Each structure stands twice: as structure tokens, then as C-alpha cells.
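Okay, so here's the structure we're looking at.
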Amino acid sequence: SSCQRIVDVGGGYGELLLAILKANPGVCGSLFDLPHAVAGAQRRISEAGLGDRCDVQAGDFFEQVPAGADAYVLKSVIHDWEDENSLRILANCRRAVGGSGRLLLVEQILPDRLSHDARHQSLMRSDLTMLVAHGARERTESEYRRLLDGAGFRVTRVIATDSTFSVIEAVAA
């Protein structure tokens, strides 16, 4: 990776960030989450032996996101919120990214047309769960592009994975 510092926004106990740091020995990271999550995250980072390359910051992504990183990762964050709050989170990320950073959304993307295959059925169950539990939803690629555009980002690519998740990479518009 060309990134030197990565912030995992809403990173919980740090599993994704720890995997990234283990795979990229020259990269440092910051985990950013609510105060109730940071104690567990600090413990996991220490257990993984990565305390020298990773710090933990408590905060609220509705207020601000720490600046100064090359990349900001949000996994399964935006699908938790309806459009208005999603835009607030993304706008705070846009301020933190500055002119040269990248945003990486790791989300499940609904296809434009659904079929009866197992993957699409799984995505629809997730969509229904998000609607019932949070009043939120899974989104299509065009819906993610619209949100990112509204927050001042330009999508550079969408990377499919072997799982139901994709990585949406965006830069400052």
C-alpha cells in the first residue's frame, strides 16, 4: 500500500484494522470509535502486539473524524444510517481527508436487479434487517455514488470481493 497511516472510522474492537496492519508492516493506524468501544480495542491491539503502530481515539463520527491520514476505512458503517446521517458522517470524513487522502467504504452493495440466487437473497435479508433494526438500508452502487458525491467525494473504483462485500474507493472531488 502507498498509505502510511490509516484511520478505521467506527472500527469497533479493531479486527479489520489489525488485519490491515498485519498485512502491511510499514503502515500505522488509528482506530476511531465511541468511548465504550475503545477499551476493548486497546486490549485487542495490545494482544496483537501492534501497540507501537496503532493508537485508539475516542470520538463521535457525527461530530468530527481525526485528520491527517492517507486513508479512511469505514466497514459496515454507512448502511447503519439513513441518508441524512450518512451524509453527516461522510462530510466529516471529507473534511478529515483533505485534498489527498482516500476513503474506502466496505459495504454490501445491492444489485440494480435482484435474482433468486443465494447471494441476492442474503443481501435482501440484510436489507430487511437494516430497515427493521435501524431504519436504514443496504444501497445500490448508484445510491452510494450519490451519497459520496453529496459529501464532496468522487468514486474512483468499486472493487468486488469474494464475499458479499465490496470496497468503494473515493477521493476528494
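The values are calculated or read from the model by the stated rules, or taken from the named source; none is laboratory data. A quick note: this is a predicted structure, and the numbers were derived from the prediction, not measured. Using ideal geometry, Cβ is built from the backbone for each residue, glycine included, and neighbour counts are taken over all protein chains shown. Remember, those area values only see protein heavy atoms, side chains included, never the ligands or the DNA or RNA. Shrake-Rupley method; radii C 1.70, N 1.55, O 1.52, S 1.80 Å.
Here are the numbers for this structure:
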quantity	calculated
Meets criteria (modelled with pLDDT under 95, part of a helix (DSSP H, G or I) and open to solvent by less than 40 Å² (accessible area, probe 1.4 Å)) for His36	no
Segment 11-33: number of residues that are part of a helix (DSSP H, G or I), open to solvent by 20 Å² or more (accessible area, probe 1.4 Å) and within 20 Å of Gly68 (Cβ to Cβ)	2
Every residue from segment 65-107 that is on the phi < 0 side of the Ramachandran plot, in a loop (DSSP other than H, G, I, E, B) and either open to solvent by 20 Å² or more (accessible area, probe 1.4 Å) or not β-branched (Val, Ile, Thr) (or both)	Pro66, Ala67, Ala69, Asp70, Trp81, Glu82, Gly99, Ser100, Gly101
Residues (out of contact with any strand residue (DSSP E or B) (no Cβ under 6 Å at 6 or more places or on another chain), under 15 Å from Ile6 (Cβ atoms) and hydrophobic (A, V, I, L, M, F, W, C)) located in segment 59-76	Ala67
Qualifying positions in segment 137-168 - part of a strand (DSSP E or B) and within 26 Å of Asp117 (Cβ to Cβ)	Arg139, Thr140, Val155, Arg157, Val158, Ile159, Ala160, Phe165, Ser166, Val167, Ile168
